[in-house]
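Written below as structure tokens is the structure these notes are about.
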Amino acid sequence: MIPLSTFREYSATEMHTRAFEFYQELARRRTVREFSTRPVPRTVIENALRAAGTAPNGANLQPWHFVVVGAAELKAQIRAAAEQEEREFYNGRAPQEWLDALAPLGTDENKPFLQDAPYLIAVFAETYGLLPDGRRVKHYYVNESVGIATGFLIATLHHAGLATLTHTPSPMNFLNQILGRPTHERPFLLLVVGYPAENCHVPAITKKAADTIVTWME
Ligand code: IYR
């Protein structure tokens with residue numbers, strides 16, 4: 001054990017301001033589906049991934065792996081594979097109730113953003129760890145851990161001034177094949193990263209009010 005040296009205590013006023021400003025910063029994030037082809041600085045992605053790697057996680061086994069895809073040929077392959085799955089999803093596989101829920105978002109099987117955006121970050125969940133001698137290490141709370149890390153990643157990219165889209169083609173095992181990842185790494189989601197396209201539009205949707213998502217029992 002070592003002394004906790006990084007914690008910072010703020011005055012009540014400062015805490016209030018910090019929480020409110022951080023909330024406002026996060027609240028202006030929008031998921032976008034129209035991306036510019038403009039390149040983005042690689043260092044921003046690097047630091048956002050560092051932030052993701054600081055996430056709290058099960059037994060500190062850090063059960064995640066991130067593949068940053070900038071190569072045009074790989075993005076084209078991913079787009080083709082994702083669109084094939086999505087075509088089946090939108091034309092039969094998805095129950096009507098699911099399609100109805102998606103209607104306000106205006107999504108369909110066409111995923112040009114998978115080629116337009118400068119980077120795709122494929123997030124993989126390591127179902128177990130592998131030691132150099134091939135022995136398996138059990139991982140704990142894998143979904144929770146990778147979900148929190150992905151939240152940190154999205155928040156950092158947003159804070160840095162980039163837009164993201166959390167994309168989950170289903171199934172997405174094609175990511176293992178295209179990106180050459182081992183089978184014990186389960187594709188968790190595909191994060192599309194870049195600048196919004198000029199004249200980008202987003203759905204007119206809102207978040208639930210705080211008093212409807214929270215129950216206080218003081
Ligand atoms: N994966 C499909 C469908 C989809 C599902 C949900 I839940 C969304 O929030 C958005 C889309 C697609 O990407 O179109």
Original post:
Of all the residues that make up the stretch 1-34, how many are of a type in the set (A, V, I, L, M), surrounded by fewer than 11 Cβ atoms within 10 Å (Cβ to Cβ) and closer than 30 Å to D116 by Cβ?
Top reply: 1
Original post:
Give me the pairs: first residue in the stretch 167-186 and over 16 Å from E83 (Cβ atoms), second residue more than 16 Å from the ligand (Cβ to nearest atom) and charged (D, E, K, R), beta-carbon distance under 7 Å, and six or more apart or on different chains, which are they?
Top reply: N176/E185; H184/E126; E185/E126
**OP:** Go through the stretch 125-218 and tell me which strands (runs of 3 or more DSSP E), entirely inside it, have 1 or more residues that are among the basic types (K, R), out of contact with any strand residue (DSSP E or B) (no Cβ under 9 Å at 6 or more places or on another chain) and surrounded by 12 or more Cβ atoms within 10 Å (Cβ to Cβ).
**Re:** none
**OP:** Please give the number of the condition H65 fails out of (1) on the phi < 0 side of the Ramachandran plot; (2) more than 18 Å from the chain's Cα centre (by Cα).
**Re:** (2)
Subject >> Residue that is farthest from H201 (Cα to Cα) [pool: residues in the stretch 90-124 that are open to solvent by less than 20 Å² (accessible area, probe 1.4 Å) and assigned to a helix (DSSP H, G or I)] >> reply: L114
Original post:
What number of residues in the stretch 59-109 are in contact (Cβ under 8 Å) with a residue 12 or more places away in the chain, within 9 Å of the ligand (Cβ to nearest atom) and farther than 28 Å from R42 by Cβ?
Top reply: 8
**OP:** Within the stretch 134-157, identify whether any single residue is modelled with pLDDT under 95, at positive phi and not acidic (D, E), and answer yes or no.
**Re:** yes
Original post:
Is it the case that A155 is away from the ligand (no atom under 16 Å from the Cβ) and within 11 Å of the chain's Cα centre (by Cα)?
Top reply: yes
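The values are calculated or read from the model by the stated rules, or taken from the named source; none is laboratory data. Since we're looking at a predicted model, the values are computed, not measured. Methodologically, a virtual Cβ is constructed for each residue, glycine included, from the backbone with ideal geometry; neighbour enumeration extends over all protein chains shown. With ligands, DNA and RNA removed, areas are computed over all heavy atoms of the protein, side chains included. Shrake-Rupley method; radii C 1.70, N 1.55, O 1.52, S 1.80 Å.
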